[in-house]
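A short write-up of the structure that comes next.
Bear in mind these aren't lab numbers, they're just calculated from the coordinates by the rules spelled out. Please read all numbers here as calculations on a predicted model, not as lab measurements. Here the Cβ is made from the backbone with ideal geometry for all residues, glycine too, and neighbour counts use every protein chain on show.
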Amino acid sequence: MAAFSEATRVRQIGDGFEAELDPLWTVGGKPNGGYLLAILARAAVEAAGTHPDPLSASAVYLSPPDAGPVSIAVEVLRTGRSASQVRARLSQKDRTCVEALFTLGVLDAAGDPRWVDAAAPPVAAEQDLLPTPSKAPGTDLRIDMLDQFEQRIDWQAVGDPPGELRGWLRLPDGAGWDPVSLLFAADAFPPATFTLGGNGWTPTLELTVYVRAVPSPGPLRVRQRARLLTEHLVDQVCEIWDSQDRVVAQATQLAAYRMAAQ
């Protein structure tokens, strides 16, 4: 088992960084998009040096890298008192794979908001749900990253309402979620198109995550929903609450999709 902190470690080399993409944090042999965004965030934080937490992250995915070594170029665009802005680019074999923009700052522990437009959604108790297996039933697809953390989907709630998935995420061995690992959590659920007849192929084109607070210890409550399907594209919304039912992250994603053969 590869701990998330170790699997996202970066090393400074001259003006840039290097990382080793872990084959255990993959879907069908390709590194997960949220995992790649977390690696870029580690490099951005190291380069800025003044603000330890990603407040926002927006990435475009140009070409899927393979597990193995990658290089990361970082440009600090601005360093301010309350926030810094950083651009980061992940490349492999002279091919740009992911480019991201970050706003960095200092986050507090989640507190009671002044106002929020929706309460945490109902989800069956974590202990009453089974972990999602890494081998997708009825397919040859392996989701190796599901051996590295616990994902528990409330399958009884699928379809109510349509296009929505709800459940829990937990890191192993009592490891706590932090602002960087929340970037991964925002892309850790199955695509919401799964509930609408999608065939599971859903490559991310763009992912934007807002991290709102340091989560309390314990599992994350997640709701992922499809907002709009056109002929070949879907935009999804992911909302994340901590164990105290406080919003800690939210994300939007534009992805391609295919419908299952009839």
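Tabulated data for the structure shown
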read-out	value
Mean projected area in nm² (Cα convex hull; one quarter of hull surface) for the chain	14.2
Debye, to nearest 20: dipole size of region 30-174, +1 on Lys, Arg Cβ, -1 on Asp, Glu Cβ	600
Per residue convex hull volume, Cα atoms of region 4-105, in Å³	86
Cα-Cα pairs of region 17-171 separated by more than 24 Å (percent)	50
Charge-dipole axis of the chain as Lys and Arg at +1 and Asp and Glu at -1 on Cβ define it, positive-most pick from LEU141, LEU90, SER5	LEU90
